[in-house]
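Data first, discussion second: the structure below is written as structure tokens.
No lab work stands behind these numbers, since they all come straight from the coordinates. All values derive from a computational prediction rather than experimental measurement. Ideal geometry is used to build each Cβ from the backbone, glycine not excepted, and the neighbour counts take in all protein chains shown.
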Amino acid sequence: MVAPGDGKKLREGVAMVEYELHLLHNYLIVGALLFGIGTIGFLARRNMIVMFLCVEMMLQGVSLSLVAWGRYHGNWGGQVLVIFILAVAACEAGIALAMFLMLYRRSGNLDMIFWQSLREENQSETVDVEIPEPDEADHQWPILTPAGIEPDHDTEKPLHRSHV
Amino acid sequence: MSDNQTLFAAATVLGALGLWQMLPRARSGIGRVVGPLASLVSLGLFGYLAPRLMLDLNQSDTSMIAGQVIFWLLAAVTVISAAAAVTMRSPVYSAIWFALTLLGSAALLMFQGAQFLAVATIVVYAGAILVTFLFVLMLAQPEGQSHYDRVCWEPLLSACTGAVLIGILTLAMHTSFTGGDVPVVASTAAESSDILTTDHMARLGAELFGRHLIAVEVAGTLLMVALVGAIAITAHGRTGRRKETAGGRRDG
């Protein structure tokens, strides 16, 4: 026998499940997008620090997906895993940045191409064909609006009155 | 394949094309306009499609709509700033855009009910890791831009790789969602949602230091080892270089 309230509760339950599914789905898409964009950056960029930033971006995508799954299943597994991801990412960043500094001391720049002598034997060497000239816009740094005016440096006028 | 999936694939390809055009390289006048335009169109397509891809919400509940709007705003901020972080020429600018990505994803985590993680992401990533990045950038590249920030490895191939990866991930998701095995889990989980309770932090701590205690200890040890390792790397590099220069002088 079905009580009158049961139907409503059931409908609310179904709506809740659909909402949770919806949420999970959306989070997984955003996580996948972050992961994919990070992959593109890691493969394409040449600056070691930017490459590392892209790896961190991929980790963020994974974290989002894990937390979404955790919420969906109603347990803490996803969040605990993300906490460990944070810890490992911190270690990784410390070590990697120390190594970047050492590599910079040897090579004088952060370019990945400097280390291409470590490539496989049968791979051909990468040579920069054309390096685009720096844009004008690249050298335009943001400036602060000038605050106040420069006082005139009239040395003859005494700044302070000697006698009141 | 339904229309929605075709459109989704088109959005992915368009997004990859836009990123390809926006990556730093010798740009023509057309590419400068086409890249951002294609990315924007694909972003709009994603926003239009993603709610429709899997299920049509039968009852349009007004209380959910506000949540959806907030979610899509946060997601747009996160994804746009991620794309900007990847494509900026100046590494300092990409680091700052990445900080915005982190803020967006922290807000997304908060939206999901993961309060501790949202704050921890900001503190650990934006507060510590990103600042260290900027320190190293200032140490290693004080003049700002270098020539290697204006060129890329294989921009087209990497954009294709990213598009294929996104396609595979979302397609796998779609098949598993329509397979019918996931909703069963949801029906059991939705009622006992342990995560959304008010004593969130206490429960997370109990879980972390109860069931995962050994893992926490291992992670602490790992942090310690990484600290010692980072110091050892820099210290050893310094003495090694000193020895090299000393040897060079002796030879000379």
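Each residue in A:Val50, B:Val151, B:Val69 was given a count of other beta-carbon atoms within 10 angstrom of its own, and listing them fewest first yields B:Val69, B:Val151, A:Val50.
Is the shape of segment A:14-114 best called rounded, prolate or oblate, per the rule: a/c under 1.5 gives rounded, else a/b larger than b/c gives prolate, else oblate, with a ≥ b ≥ c the square roots of the Cα gyration tensor eigenvalues? In terms of gyration-tensor shape, oblate. Calculated FRET efficiency, B:Glu217 and B:Phe111, Cβ-Cβ r, R0 41 Å, to nearest 0.05? Given R0 = 41 Å and the Cβ-Cβ separation, E is 0.80.
Treating each Cα of segment A:19-60 as an identical point scatterer and summing with the Debye formula, the log10 of I(q)/I(0) at q = 0.16, 0.20, 0.31 Å⁻¹ comes to -0.44, -0.57, -0.93.
Cα centroid separation, segment B:137-166 to segment A:30-98: 18 Å. Peptide B:222-229 has a mean shielding of 4, counted as Cβ atoms of other protein chains within 10 Å of each residue's Cβ.
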